[in-house]
Each structure stands twice: as structure tokens, then as C-alpha cells.
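Data first, discussion second: the structure below is written as C-alpha cells.
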Amino acid sequence: MPEFSSKVAFVTGAGGGMGYQIACDLIHQGARVLMFDIKDKPAQIPGVADQSIYIQGDLTDDSAVADAVAQANSAFSGIDLLANVAGALWFDRDRSALDIDLDVWDQVMAINLKSMVHTSRHTVASMRSRGGGAMVHFSSTQCLRGDSAPQDAYQAAKAGVVAFSKSLAIQLAADNIRSNVIYPGPSESPMQDRWKENPEGKVATANAIPLGRVGTVQDMSNACLFLLSDKASFITGTELLVDGGLQARP
Ligand SMILES: NC(=O)c1ccc[n+]([C@@H]2O[C@H](COP(=O)([O-])OP(=O)(O)OC[C@H]3O[C@@H](n4cnc5c(N)ncnc54)[C@H](O)[C@@H]3O)[C@@H](O)[C@H]2O)c1
């Protein structure tokens, strides 16, 4: 039996790099998947026709998230797993908190943190009614240190994700719902399209990583599916670094 054949998953950012890979891998492992992204539906989605629903919408809109969850509850009879993968890093507009446009600050916080509040609130009831569940929220190694080229809104939002996840883990443990975080290191995905124009930047990043390469969407999906799976049934309230050893460097 495929590992996730009895499961229903809600994956955000599913039109993009890591989220798309996670959704596809869950489908290959037998899950039914609600895919949500502000982007157009990807050209290829694996699985049989009624195995996935793709909704194009904005996660910062609480009612759009509520509607999406209602569709999954109706089509799939509930949700067991939540992968909060969507995020946005605005290299051009996100900067020091001392001079950032405060509307940009609010938007970055809404996309990277508050959206996860929306998805979590709307999926908990279903997980409870199904006897448990698992959530994985995507943070970033960026929130573990300061930066001479700051992206303070993104960094603060990603630190907030960790606190939010830990709190949910404690609040929901009695319901058999687990909540964990992945800290991706620098990884090749549409978010890092800047490397296409600056391949030297990618090489320099890879050279700083002990394992000698940047991450892939498959690396992140492998870690995410592990934390969503029953193999991680005693793991909650923690964070998994998937960064090729970058944070372990002296
Ligand atoms: N790629 C990296 O180097 C890296 C490093 C650390 C952390 N991360 C984090 O990993 C996660 C996945 O990143 P990725 O590399 O796959 O990026 P990506 O840009 O390829 O995918 C992110 C997806 O989120 C979607 N999204 C953004 N705002 C949205 C909104 N308001 N409503 C709905 N969807 C929205 C985008 O359309 C996009 O498809 C993100 O949370 C990101 O912050 C990425």
C-alpha cells in the first residue's frame, strides 16, 4: 500500500517549487491532495483525475482559504495533513526594518506568517474529527541569524513560524495532531530565479555549504513527507534543518 493512501493533504505553494514537488510526491504515495497557490495551475499534475483539486487563490484571504478547505471536506471527506509551504521573498522591497515601507512589511508578514494561521485554523476541526493529523510549516535558515543585507520582514515572519508551530504542537498534542517546522537552506526553485542571471552567486552559495551544493525541491519534499508520515509519529514541536550542514559551520 502506498504510504499516504488513506490520507488527504492540503499543500500550499503547490504551484511553485517545493510545494509542487511535495504535492506530486504525496499524490504518487496515494494521497488525495488539495493544492493551493496564487499561480496558475501547473501543466502537469500526476495521479488520477479525482485525486487532486487545484485552487488558484490568495492565502492572505481568510475566506478563500475557508472556501478551499470546504471544497476538500466535501470532495475528500476531510483533511489529515497540512503542508504550509507557500512563501514570498521580495529581494527588491524587503529590507531593513529601519526604513522598509510599512505596507510591504505587513504584506510580507501576511503571506509568510498569517497565511499559516488561516490554513491551520481551518484544517484543525477536520483533523480532530479524523482522530489526528500532522502539519509541516516552512520557515527558513534566514531567520537564524542577522544579515548585512537584511530582509527583516521575511526574517521576522519566518521566526514567527517557528513560535507558532511550537505553540500549536502543545495545544494540539492531546488531539494527536503534530506540528513541526522545516528550515530549508538555499535551494534551487523559482524563488531563486536570480541564480539564472547570476550563476556565480549559486556557485558561491554552494561552496559555502559543507555538502557542496544548494538544496533541491526533492530534498525538501523528502524531509516534509517524513515529518507528515507516521514514521515521525513521536516528533512534534521541533524544527528540522535541511541545509547541507550550513548552520553547523564554524
Ligand atoms: N528556495 C529557497 O532557497 C528557500 C530557502 C529557505 C526557505 N524557503 C521557503 O520554502 C518555501 C517554499 O519556497 P520555494 O523555494 O518553493 O519558493 P517558490 O517561490 O518556488 O514557491 C512559493 C509559492 O508560494 C506561492 N505564494 C506566494 N504568495 C502566495 C499567496 N499569497 N497565496 C498563495 N500562494 C502564494 C507562490 O506563488 C509560489 O508558487 C517558502 O516558504 C520559502 O520561504 C525557500
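The values are calculated or read from the model by the stated rules, or taken from the named source; none is laboratory data. Note that the structure is a prediction, hence the values are computed from the model and not measured. When we count neighbours, we look across all protein chains shown, and the Cβ atoms used for this are built from the backbone with ideal geometry, even at glycine. Quick note on the areas: whole protein, heavy atoms, side chains included, nothing else; ligands and nucleic acids left out. Shrake-Rupley method; radii C 1.70, N 1.55, O 1.52, S 1.80 Å.
Observations
- Considering Thr119, Thr123, the condition of being within 27 Å of Gly185 (Cβ to Cβ), touching a residue at least 24 places away in the same chain (Cβ under 8 Å), assigned to a helix (DSSP H, G or I) and of a type in the set (Ser, Thr, Tyr) is satisfied by Thr119 alone.
- Yes/no for Ser179 being more than 15 Å from the ligand (Cβ to nearest atom), hydroxyl-bearing (Ser, Thr, Tyr) and open to solvent by less than 30 Å² (accessible area, probe 1.4 Å): yes
- Residue among Gln71, Gln107 that is part of a helix (DSSP H, G or I), more than 10 Å from the ligand (Cβ to nearest atom), polar (S, T, N, Q) and at pLDDT 95 or above: Gln71
- Residue that is nearest to the ligand (Cβ to nearest atom) [pool: residues in segment 141-158 that are touching a residue at least 40 places away in the same chain (Cβ under 8 Å) and more than 22 Å from Asp103 (Cα to Cα)]: Thr141
- When segment 228-250 is limited to residues that are assigned to a helix (DSSP H, G or I) and more than 14 Å from the ligand (Cβ to nearest atom), the one that is nearest to Glu188 (Cα to Cα) turns out to be Ala248.
Residues checked against (1) under 24 Å from Pro184 (Cα atoms); (2) among the charged types (D, E, K, R); (3) modelled with pLDDT under 95; (4) open to solvent by 60 Å² or more (accessible area, probe 1.4 Å):
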site: Leu26; (1), (2), (3), (4): yes, no, no, no
site: Gly30; (1), (2), (3), (4): no, no, no, no
site: Val33; (1), (2), (3), (4): yes, no, no, no
site: Ile38; (1), (2), (3), (4): yes, no, no, yes
site: Ala43; (1), (2), (3), (4): no, no, no, yes
site: Ser63; (1), (2), (3), (4): no, no, no, yes
site: Ile79; (1), (2), (3), (4): no, no, no, no
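- Restricting segment 74-100 to residues that are hydrophobic (A, V, I, L, M, F, W, C) and not in a loop (DSSP other than H, G, I, E, B), the residue that is nearest to the chain's Cα centre (by Cα): Ala83
- Scan of segment 229-250 for residues that are more than 19 Å from the chain's Cα centre (by Cα) and buried (at least 17 other Cβ atoms within 10 Å of the Cβ), ordered by number: Leu246
- Failed item in (1) open to solvent by 30 Å² or more (accessible area, probe 1.4 Å); (2) assigned to a loop (DSSP other than H, G, I, E, B); (3) not aromatic (Phe, Trp, Tyr), with Asn207 passing the rest: (2)
- Considering Ala125, Ala49, the condition of being at pLDDT below 95, more than 16 Å from the ligand (Cβ to nearest atom) and open to solvent by 60 Å² or more (accessible area, probe 1.4 Å) is satisfied by Ala49 alone.
- Residue within segment 191-209 that is near the ligand (Cβ under 10 Å from one of its atoms), free of Cβ contacts under 8 Å to residues at least 40 places away in the same chain and out of contact with any helix residue (DSSP H, G or I) (no Cβ under 9 Å at 6 or more places or on another chain) present: yes
- Qualifying residue in segment 159-167 (condition: assigned to a loop (DSSP other than H, G, I, E, B) and either within 12 Å of the ligand (Cβ to nearest atom) or farther than 23 Å from Gln107 by Cβ (or both)): no
- Qualifying residue in segment 111-121 (condition: within 11 Å of the ligand (Cβ to nearest atom), farther than 22 Å from Phe76 by Cβ, among the β-branched types (Val, Ile, Thr) and under 13 Å from the mean Cα position of the chain (by Cα)): yes
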